[in-house]
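The structure under discussion appears below in the form of structure tokens.
Taken together, the values in this text are just the output of simple stated rules run on the coordinates, not laboratory data. This structure is a prediction, so every number in the text was calculated from the model and none was measured. We place every Cβ from the backbone using ideal geometry, glycine too, and count neighbours over all the protein chains shown.
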Amino acid sequence: MTAIPFIKPVHYPESDGKPMAETDVHRREMFDLIGTLDDRFRDAPDVYVAGNLFLYYAEGNPRKVVAPDVFVVKGVPKGNRRIYKLWEERHAPCLVIELTSDSTRQEDLEAKKECYARLGVEEYFLHDPLGDYLEPPLQGLRLEEGRYRQIVPAPDGSLEIRTLGLRIRKEGEQSRLIDAATGESLLRPEEAYAKIRLLQEELARLKRSTS
């Protein structure tokens, strides 16, 4: 009887031990973008928002991995993931945003750009919040016939995120997401929390005045 050879399972690490962001500014921008997008699509069961998560794109080869700062995938269920395996999920991100800096410029402009194009990421945005090297510091690329083409800014400097029905523009060291249909600015997490607190305080004041 022929013995069945033992096949060692492939290990896909969840972390590389490196910091998740270059600076506090980069970290805050990453968290704000993820939080804002998560809130925007909270009622869409098949839109997954994540960031700083290992995305493996070649089954059996854990070296084929990328970790986008912010990404959105359409067509997959929400849920907590430890890593994202493309061959299991079967959907590549439609949007990736990288918070770039002088120390990551080569990776962001070359290796990651080529990787995202091969994976079919429809829109790729780069934001250099501290203005280390990118001019203008917020730029967008859209995949056309397998190659990225520059997204032309609107007169106000904003860029269209066609895949999500949004626009994005630079606002100080951060960026602002805008509903493309209504022109309404999306609230960042801390702004949403502040609005809720004000409403709670107003409600408490009204209760006191009527008691």
Inset, instruction - Work out from phi, with θ = phi - 60° and the Karplus expression 6.51 cos²θ - 1.76 cosθ + 1.60, the ³J(HN,Hα) of each residue of the stretch 45-57, listed in order in whole Hz, and give x for Gly and Pro. - result: x, 10, 10, 10, 10, 7, x, 6, 10, 5, 10, 8, 10
Legend entry - the stretch 24-204 - percent relative contact order, Cα under 8 Å, separation 6 or more: 15 percent
Inset, instruction - Could you tell me how many degrees, from 0 to 90 and to the nearest 10, lie between the Cα long axis of helix 189-210 and the main elongation axis, the longest principal axis, of the Cα atoms of the chain? - result: 40 degrees
Inset, instruction - Just need the relative contact order of the stretch 123-211 here, percent rounded to a whole number, with Cα pairs under 8 Å and 6+ apart. - result: 15 percent
Inset, instruction - Using amide H atoms built 1.01 Å from N in the peptide plane, name the residues 5+ places from L186, or on other chains, whose amide H lies under 5 Å from its own. - result: L177, I178, D179
Inset, instruction - Mind telling me which of E22, E190, E122 comes out most flexible in a GNM of the chain, alpha-carbon contacts under 10 Å? - result: E190
Legend entry - For the chain, with +1 on Lys and Arg beta carbons and -1 on Asp and Glu, the positive-most of V25, P62, Y124 along the dipole: P62
Inset, instruction - Would you please give the residues with an amide H less than 5 Å from that of A67, counting only those at least 5 places away or on a separate chain, with H modeled from the backbone geometry? - result: L55
Legend entry - Pair Q150, D179: separation of 7 Å Cα→Cβ label points (nm): 3.2 nm
Legend entry - In nm, spacing of pseudo-spin labels at Y12 and R208 (7 Å Cα→C-beta vector): 5.4 nm
Inset, instruction - Just list whichever of K8/K85; K8/K112; K18/K170 have alpha carbons separated by over 21 Å in the model shown. - result: K8/K112; K18/K170
Inset, instruction - Which order do the peptides 90-100, 69-79, 27-37, 8-18 take when ranked by the mean count of other beta-carbon atoms within 10 Å per residue, highest first? - result: 90-100, 27-37, 69-79, 8-18
Inset, instruction - State, to one decimal in nm, how far the label point of E135 lies from the label point of N80, with both points 7 Å from Cα in the Cβ direction. - result: 4.6 nm
Inset, instruction - Pick out, from L143, T182, G165, the residue whose Cα sits farthest towards the positive end of the charge dipole of the stretch 24-204, with +1 on the Cβ of Lys and Arg and -1 on the Cβ of Asp and Glu. - result: L143
Inset, instruction - Enter the angle in degrees (range 0 to 90, nearest 10) between the Cα long axis of helix 24-40 and the first principal axis of the Cα atoms of the chain, meaning the one along which they spread out most. - result: 80 degrees
Inset, instruction - Subtracting the Cα-Cα distance from 0.36 nm times the residue separation, let me have the gained length for E191 to D46 in nm, one decimal. - result: 49.6 nm
